[in-house]
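These notes are about the structure you will find just below.
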Amino acid sequence: MGVIRTVLAVGLVLAVPLVAIARGDAGGGDAGATRDAAEIQAMIDAAPMGGEIAPAPGLYKGRLVIEKPVVLDGRGQVTIDASGEGSVIWLKTSNATVKNLRLINTGHDHNAEDAGIQVRGNNNVLKDNVIEDCLFGIDMEQSNGNVVRRNRITSKKLDLGLRGDSLKLWYSNNNIVEENEVHDSRDFVLWYAKNNQVRRNISTGGRYGLHFMFAADNVIENNKFYDNSVGLSLMYNEGDIIRNNYIAKSTGATGTCISLKEASRIVIENNDILYCALGIGLDVSPFQPDTENRIAANRISYNDIAIAFLNDWRDNVFKDNVMQGNITEVVVFGGGSAKRNVWDGNRWEDYEGFDRDRDGIGDTPHRVYGYAGRVWMDVPNTRFFKGTPLLEVLDFLDRLAPFSEPVLLLEDKHPRMGATSIERKS
């Protein structure tokens, strides 16, 4: 029996995990009392590599710096208040986890980008955190392979231009940003960032729902961007894929669902693009020679203007899109046409042809014309009145009896007939 007990005792010792767990004294003091964040900092500093820190529930005042791969778990019961100075957490390591914390009350310094979490490392996990009253939410610089998941972020209650960014990836590649909810911040940005996955996020109440600049080969899918000044803006980008997103309710003078400026090899497919002043705007896109942008199987509906070109440009492929309920289908500002792009198999609500052979394709091409008398195009300030009875009557009369030869903007030789819904691809 003595031998058996010895063997069992050794087995139990070997079954204990080697990773140490540092816990706060949950029974030592009032969980509602204010504590010093130095208590958590001491636990972090004392923890071994890979150790887990679970502070006692409560409100902690101060800021933290994590410089080793540990797990910091607030278990939904820990609030860290930066007391209006600096960032709440600086994560200066790789392979760490920060989760289940409530982070509040950063400083107001835009130059320092005071944030809920500053990330300067690789392969970290930031998940299930609530970041409130923080100028910036999560600020990631030159950090790769991180996972940012299920965080809820709001900025400070300031005018839109004075808020910080909810999520910022700067020179940061191969990160996964998913299932986060960001509200009432300034921008959600990826600058100089490549091969990131942005999926199943909700971004509302900001200036840019998602803003790219000099980025490449990112995948943006199954997100919701609504009630922002601009839904998605891609500037000087290449190779991004934007699919299965809901992008809506960008109104006002700059209201655009998707804006492309000098962006090349972009795929925009299976998105709902709804209720914006402008559905898709293109400015010198694609920019790189011998490239094209593919805009396919989107529902572009109930916008003031469905598609607008800022110039006579080329090499965009518009295929199998549904254009429904827009006041104006396509415009080209500054003269010219959109004929140097491919238009094929789109569903046009105002198509006036027939389908006698019932193959689902109109018997005659759909043509969109530009009229010289459209006041709102020649005098930009009059766009404020676009959609009003007066301008719509003038527009109708111009099409009924144009005083000059209208310009053919585009021709879709295979306009699709039938339902205005799109069967979404998985």
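The values are calculated or read from the model by the stated rules, or taken from the named source; none is laboratory data. Quick caveat: nothing in here was measured; it's all calculated off a predicted structure. Because the Cβ atoms are built from the backbone with ideal geometry, glycine has one as well, and the counts that use them run over all protein chains shown.
The lone criterion from (1) in contact with an Asp or Glu (Cβ under 8 Å, 6 or more places away or on another chain); (2) within 24 Å of Asn222 (Cα to Cα) left unmet by Glu181 is number (1).
Among the residues of the stretch 69-94, the ones that are among the small types (Gly, Ala, Ser) and buried (at least 19 other Cβ atoms within 10 Å of the Cβ) come to 3 in all.
Specify which of the listed residues (Phe385, Phe333, Phe318) is modelled with pLDDT of 95 or more and surrounded by 13 or more Cβ atoms within 10 Å (Cβ to Cβ).
Step by step, each of Phe385, Phe333, Phe318 is checked, and only Phe318 is modelled with pLDDT of 95 or more and surrounded by 13 or more Cβ atoms within 10 Å (Cβ to Cβ).
Only one entry of Ala253, Ala263 meets the criterion of being among the aliphatic types (A, V, I, L, M) and in contact with a helix residue (DSSP H, G or I) (Cβ under 9 Å, 6 or more places away or on another chain), and that entry is Ala253.
Cβ-Cβ distances below 8 Å connect the following pairs, each with a first residue in the stretch 37-54 that is without any contact (Cβ under 8 Å) to a residue 24 or more places away in the chain, a second residue that is part of a loop (DSSP other than H, G, I, E, B) and surrounded by 14 or more Cβ atoms within 10 Å (Cβ to Cβ), and a separation of six or more residues or different chains: Glu39/Gly24; Glu39/Pro55; Met43/Gly24; Met43/Pro55; Met49/Lys68; Met49/Pro69; Met49/Val70. Considering the stretch 401-426, the residues that are closer than 18 Å to Ile300 by Cα and among the basic types (Lys, Arg) include one that is modelled with the lowest pLDDT, namely Lys425. Just name the residue that is surrounded by the fewest Cβ atoms within 10 Å (Cβ to Cβ) out of those in the stretch 336-352 that are at pLDDT below 90 and either over 15 Å from Ile300 (Cβ atoms) or among the hydrophobic types (A, V, I, L, M, F, W, C) (or both). Restricting to residues being at pLDDT below 90 and either over 15 Å from Ile300 (Cβ atoms) or among the hydrophobic types (A, V, I, L, M, F, W, C) (or both), the top hit is Glu352. Residues that are closer than 24 Å to Thr251 by Cα and surrounded by fewer than 24 Cβ atoms within 10 Å (Cβ to Cβ) within the stretch 188-198 comprise just one, Val189. Screening the stretch 174-208 for residues that are among the β-branched types (Val, Ile, Thr) and under 11 Å from the mean Cα position of the chain (by Cα) and picking the one that is farthest from Val119 (Cα to Cα) gives Thr204. For the stretch 310-333, does any single residue satisfy the condition of being outside any loop (DSSP other than H, G, I, E, B) and closer than 15 Å to Val230 by Cβ? The answer is no; no qualifying residue exists. In the set (1) farther than 21 Å from Ile266 by Cα; (2) assigned by TED's automatic domain parsing to the domain that holds Asp304; (3) modelled with pLDDT of 95 or more, Thr254 fails one condition alone, (3).
Here Asn311 meets the list (1) surrounded by fewer than 20 Cβ atoms within 10 Å (Cβ to Cβ); (2) closer than 18 Å to Cys257 by Cβ almost entirely, failing just condition (2). If you go through the stretch 354-373 and keep only what is in contact (Cβ under 8 Å) with a residue 40 or more places away in the chain and either surrounded by 15 or more Cβ atoms within 10 Å (Cβ to Cβ) or touching a helix residue (DSSP H, G or I) at 6+ places or on another chain (Cβ under 6 Å) (or both), you end up with Asp355, Ile361, Gly362, His366, Arg367, Val368.
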